[in-house]
Every structure is written in structure tokens, then in C-alpha cells.
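S.K.: Okay, handing you the structure first.
Laboratory data are not the source of any read-out in this text; all were calculated from the coordinates shown. Since we're looking at a predicted model, the values are computed, not measured. With ideal geometry, Cβ positions are generated from the backbone for all residues, glycine too; neighbour counts draw on all protein chains shown.
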Amino acid sequence: MAYSNTVSQTIFTTRRVIENAARRCKIKAEQLSAEAVDIANDQLYLLLSNLANQGVPLWCIEKLIVPLYSGVGTVALPTRIVDILNSNLRYLLQVSGTTYDTSTTHTVAFGTPTFVSTAGILWTQPSVPVAFETSYDNINWTTIQTETPLEGAGQWSWYDMNISVAAPYFRVRATSGTLGFSQIYLGNTPTEIPLARLNRDDYTNLPNKAFQSNRPLQYWLDRTLTQPVMYLWPVPNDQASVYQLTLWCHRYIMDVGTMTQQVEVPQRWYEAIVALLASKLALELPDVDGGLIPILDAKAAEALATAQAEERDNSPIMWAPNIAMYTR
């Protein structure tokens, strides 16, 4: 018996999602007008956006490294962020050595092999793309990571190294433009302290919201209209300006792109997305038989329940009941 000998190689584009959903509404692909395709795109966008209200898809958990600034107690998160799942204050053991700078490079000679787990750049100009490199002889360099920061002058860019290799030389190199910075902070041995989340009442009842410390330990997340904002307490001071917040966040699914691009969902969710879109199109497209609506709604609910039931990481859980009131 012959098999394809491929797994997960079928490309399911936005066009195929829309056409499959339309066929479940008994509309052939060639019958879809330009207006109908626009409607389908809008409904697909609404569908994907609404999934943020129904749990946390595993592929939409994102790690953010957020810089702290002295005297600044508010942190505006990217618009793609829905909520914060885990939050920690992190500080590093700084590693240093003899430095050599050019217009495009910052080289540190440690003297002995030293690994760098995190690097921060405080820019004096708009940021430029950079490469992080290591060397054993200061001649031959190995690129371990490239980044394209978006920060401006006076802002930090922090990056965790995907590969931490102990080497006697470490270099930050601008891959284009000039490397304009006032400080490059290299560190390892990170220590992370969980932040406690406050509700609005607890935060507003704090007597001194401007109190400063090197260790912000609590925050209130204001989920405003355009983007979430963290209100830190205590407010970071000068010492905290080389600390970071490491946040694990729930973000939205990527926007619907062109008809030849893919919807940002894993293969196990394709059936649910097609079924849910068909249910929505049945209400939007005038040519769909109204008798199909309850059938499509039932199929969509079934497919969504099946997909959500598998949206788990299969890790063990620990229950820690609080029975202190019954013991001494």
C-alpha cells in the first residue's frame, strides 16, 4: 500500500478555509463574489478575535522582556497582549571585562570563558538591527543570535540568548547602521521574583503610589481600550533600571492576511475554524438556506468543544488546599 510519506505538509491557506466554510453553506467557491470574500474575511477576523475570550490557546502564549526605568511606574504593553499569565521581576549577575568599541561593534574580553544569558542595550539613537557573537580568539566570530529592535533613543532593548556558550569574547555588532548606545549590560545567573497581582481597589487604596524601591513587587493591570497598562508598586528607582520584567502573556491570534497566507492556528484547530466560519457565514450571506443554520451551529459547537478539550499541555498539576483554619 502506498502512502504519502509526509505529515502536516498540506498548506491550508485562508482561501481554502473560506472555500471549505462556504461549501458547508452549500455555496460553491466560484459563486463567491468579491463582497462575499470580504465578508468572510471580516467574519474570520471576528472569529479569531473572539477565541481570546474562550481561554488561552497554547500557541498564543508569548514571553516578553520589559525594561524598567527610574521613576516610571507604568508599563504599556503591546496592543497584541490580552492578559498577563505570569509575571516576574528579574535581576542579573553582571559580567564585565575589557571593552573595545567601534562605530558598529562593542566587544568585551572577559579573560576567561564566560557565558552570557541576557544582553541589554541602552540606545542613544534609534535602534538598529544587531547580532550577538562569541569568539575564542577575537578573530573568528560565531553569530549566536540576530535581533531587530524597535526601541528609540533613551530606551532599553533586552534579549535572552537562545544559546549560552562560555567564550572569552562577546560582541554586539550592528548589522546595519551605527551602534549608538550609552550602556550595554551583559549578565547571567538570572534571579526571578514573582510579582503579586492587585485588583483595582487594592491599587487605588495604596496610600503612596509614588513610593520608589529597587524591587517592584506588585502591579495592577489596567486593561484599557487600546492596550493593557501595568501599574507597578513600588515604582522602580535608579537601581532597578537594569532589572527587567519577564512576562508570560496571552496574546491575540495573528490577523487574517492575504488569501494565499495561512491562518495562525495549528492543524488540530482547522476543523473547528472552518465549522465556526461556516456557522457565521450562514447568518451573513443572503444565499444560504436558513434551514442550514441550526445544523451548522451544532457542528460548530461540537468542533469547538473537541478542539478546546485538547488545548492542554499534559503537564502534571498540583493541588494545595488551604486548610490552615482547621489546624494550629
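S.K.: Determine the equivalent ellipsoid of the range 93-192 by diagonalising the alpha-carbon gyration tensor, then write out the semi-axes as square roots of 5 times the eigenvalues, largest first, rounded to whole Å. Mind showing how you got there, number by number?
M.R.: Details: eigenvalues 79, 47, 29 Å².
Ellipsoid semi-axes (Å, largest first): 20, 15, 12.
S.K.: Continuing with the same structure: Which value in nm describes the separation of the simple spin-label points at ILE61 and GLU284, placed 7 Å from the Cα toward the beta carbon?
M.R.: About 3.1 nm separates the two model spin labels.
S.K.: Under 8 Å for C-alpha pairs, at least 6 residues apart: give me the relative contact order for the range 93-192, rounded to a whole percent.
M.R.: Across the range 93-192, relative contact order equals 43 percent.
S.K.: Let me ask something additional. Between the range 166-231 and the range 268-290, what is the C-alpha centre distance in whole Å?
M.R.: Spelled out, the Cα-based centre of one part sits 43 Å from the other.
S.K.: Which cross-chain or sequence-distant (5 or more) residues have an amide H under 5 Å from the amide H of PHE115, H modelled 1.01 Å from N in plane?
M.R.: It is ALA167, by chain and number.
S.K.: Tell me, in nm to one decimal, what length is gained between THR189 and SER176 on full extension, where the rule is 0.36 nm per residue of separation less the Cα-Cα distance? Each step should come with its number before you reach the end.
M.R.: On the way: separation 13, 0.36 × 13 = 4.68 nm, distance 3.06 nm.
Length difference between fully extended and current span is 1.6 nm.
S.K.: Is any residue of the range 295-309 close enough, with backbone N under 19 Å, to a label point placed 7 angstrom from the Cα of GLN267 along the Cα-Cβ axis, and if so, which?
M.R.: 306-309
S.K.: Return the tail of the calculated pair distribution for the chain, meaning the percent of Cα-Cα pairs more than 24 Å apart. Walk me through the intermediate numbers first.
M.R.: Working: 36182 of 53628 pairs.
Of all Cα-Cα pairs in the chain, 67 percent lie more than 24 Å apart.
S.K.: Tell me which of GLN94, GLN244, ALA305 sits at the most positive position along the dipole axis of the chain, charges placed on C-beta atoms (Lys, Arg +1; Asp, Glu -1).
M.R.: Value computed over the given set: GLN94.
S.K.: Here's something else I'd like to know. Which angle from 0 to 90°, rounded to the nearest 10, does the C-alpha axis of helix 293-309 make with the longest principal axis of the chain?
M.R.: Helix 293-309 and the main axis of the chain meet at about 30 degrees.
S.K.: When HIS250, HIS106 are ordered from fewest to most other Cβ atoms inside 10 Å of their Cβ, what list results? Don't jump to the answer; show the numbers that get you there.
M.R.: Working: HIS250 17, HIS106 21.
Ascending number of Cβ neighbours within 10 Å: HIS250, HIS106.
S.K.: Spelling out what I want: for every residue of the range 200-208, take phi, set θ = phi - 60°, compute 6.51 cos²θ - 1.76 cosθ + 1.60 (Karplus), and round to whole Hz; glycine and proline get x.
M.R.: Each residue of the range 200-208 in turn: 4, 5, 5, 5, 5, 8, 4, x, 9 Hz.
S.K.: I'd like the distance separating the alpha-carbon centroids of the range 1-55 and the range 81-147, in whole Å.
M.R.: 43 Å
S.K.: Can you give me the angle between helix 14-24 and the longest principal axis of the chain, using Cα atoms only, in degrees from 0 to 90, rounded to the nearest 10?
M.R.: Helix 14-24 and the main axis of the chain meet at about 30 degrees.
S.K.: Go ahead and run the numbers for FRET between TYR3 and ASN140, Cβ-Cβ distance against an R0 of 45 Å, rounding to 0.05.
M.R.: Numbers: r = 46 Å, r/R0 = 1.02.
Step by step, r from the Cβ atoms, then E = 0.45.
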